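These notes concern the structure reproduced below.
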Amino acid sequence: GRLRAAVQADWVRAQWSSPAQGLSLLEVGFLDLDRLGELQLTPGDGSQTLELPSMAVRLDGLQRGGEDLGKLAFELRSGGGILQADAISGEIAGLRLPADQPGQLRWQQGEGGRSSLAASLYFDNLGDTLQRFGYQNMIETEAGHFDLALEWPGAPQDFTLAAASGSVGVAIGE
């Protein structure tokens with residue numbers, strides 16, 4: 001049989017379905033990223049790990065501060081205390097992750113846990129993208145991309161530039 005579940009609140013609208021065979025699907029039609037902090041990702045007191053069934057995830061209608069940021073798609077897998085999003089593609093805040101160069105986000109849960117992100121993010125006008133993240137629009141570009149390979153302590157939502165290590169490559173050109 002096929003299983004289905006749905007959730008709707010003022011900050012999220014989502015539906016999960018599990019077919020009789022194949023990968024489950026989580027479709028998020030709306031998600032306010034400003035309210036994502038209300039979601040408790042670590043079960044209980046944090047000593048346990050979050051284990052989820054493998055699923056395809058589509059995040060449509062990503063918003064922050066009432067502004068539409070875009071959409072992402074990926075495959076989510078977990079096991080052995082690791083939660084991993086593979087084949088990340090889509091667009092968020094003017095940054096594109098092409099399907100032929102997908103990103104990967106990995107979270108090693110538990111005590112001493114770490115997160116990592118590997119992605120190539122393509123953009124048109126970098127100034128517009130920076131402005132969407134709250135920075136002053138001081139640069140105008142035709143095109144370019146960031147190549148990220150970053151790691152930081154804690155869960156994905158614990159990211160801070162000060163705590164991150166790794167590399168960020170930037171290419172700006174026409």
## Note on the structure
The strands (runs of 3 or more DSSP E) lying wholly within the stretch 61-174 that contain at least 3 residues that are modelled with pLDDT of 95 or more are 67-79, 82-92, 103-108, 114-123, 143-153, 165-173
#### Entry: Inter-residue pairs, beta-carbon under 6 Å, first under 24 Å from Leu33 (Cα atoms) and in the stretch 153-174, second part of a strand (DSSP E or B) and open to solvent by 80 Å² or more (accessible area, probe 1.4 Å), 6+ apart
Pro153/Arg114
### Query
Just for the stretch 72-112: of the residues that are among the charged types (D, E, K, R) and farther than 29 Å from Thr129 by Cβ, which one is most open to solvent (accessible area, probe 1.4 Å)?
Glu111
### Query
In the stretch 24-52, how many residues are at pLDDT 85 or above, closer than 17 Å to Ser78 by Cα and open to solvent by less than 70 Å² (accessible area, probe 1.4 Å)?
4
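The values are calculated or read from the model by the stated rules, or taken from the named source; none is laboratory data. Here the structure is a predicted model, which means the values were calculated and not measured. So basically every Cβ, Gly included, is an ideal-geometry build from the backbone, and we count neighbours across all protein chains shown. Areas reflect the complete protein model, heavy atoms only, side chains present, ligands, DNA and RNA absent. Shrake-Rupley method; radii C 1.70, N 1.55, O 1.52, S 1.80 Å.
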